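These notes are about the structure you will find just below.
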Amino acid sequence: MRLLILDIDQTIVHASQSKFLEREADFFIPHPFGDFLYYKRPYLDEFLSQVKDWFCLALWSSSDKYYVQQVKEHIFSDIPIEFAWDRSKCTYVKKNGIGIYEKPLQKLGKLHWSLSEVLIIDDTPEKLTNYPKNYLPIKSWYGNEEDNELIKMLEILKEYV
Ligand SMILES: [Mg+2]
């Protein structure tokens, strides 16, 4: 079974400190400067219930550890995941004056994953420029309720099962 790594922000959820959709937020994460409201991307539950049978799953966000753990507890309470990595596993680089937290997939070797077994879905291609064979791009999601990128992604992922 391959390993499928999911980015968090704008890939599977979008967060804001104010309500931005008609419907209620899916969950809240307390924050010292005001709670964050979290909305799941459309079809996230359907997506996860399918991919959990196809792949080993993991999370890798360039946000902080507290946040990653909160998302893990809210979304993956019933879905086993291999690991939930945060910014501390990223590498900070400057490209054209812009700071980027790259996700160095070679770190997975420590967990005994070979790169040929690894896929990663992320809405920021700049974080994965060194891994064209592993990287599956997805459009950033900011709350469009008509979005069906996760359903389209299932069609792509089918080829790797
Ligand atoms: Mg993202």
Only bridges whose two residues both fall in the chain count here: according to DSSP, what percent of them are antiparallel, nearest 5?
45 percent
With runs of 4+ DSSP H residues as the only contributors, calculate the mean residue ellipticity of the chain at 222 nm using -39,500 (n - 2.57) per run, divided by the residue total and rounded to the nearest 500.
-5500 deg cm²/dmol
For the chain, with a Gaussian network of springs between Cα atoms less than 10 Å apart, report the residue from 118, 93, 51 with the top mean-square fluctuation.
93
Could you tell me which of the pairs 94/158; 40/139; 19/127; 19/133; 19/89 are separated by over 26 angstrom between their Cα atoms in the structure shown?
94/158; 19/127; 19/133; 19/89
Suppose R0 equals 45 Å. What FRET efficiency, 1/(1 + (r/R0)^6) with r the Cβ-Cβ distance, do residue 35 and residue 154 give to the nearest 0.05?
0.90
Are there GluC sites (Glu not before Pro) in segment 4-59 that DSSP marks as loop and that have at most 11 other Cβ atoms within 10 Å, and which are they?
22, 24
Three-way shape call for segment 47-161 based on the alpha-carbon gyration tensor, with the a/c threshold at 1.5:
rounded
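Read the figures in this text as sums done on the coordinates, not as results from a lab. What you are looking at is a predicted structure, and each value in this text was computed from that prediction instead of being measured. Neighbour counts are summed over all protein chains in view; Cβ atoms, including those assigned to glycine, are modelled from backbone coordinates with ideal geometry.
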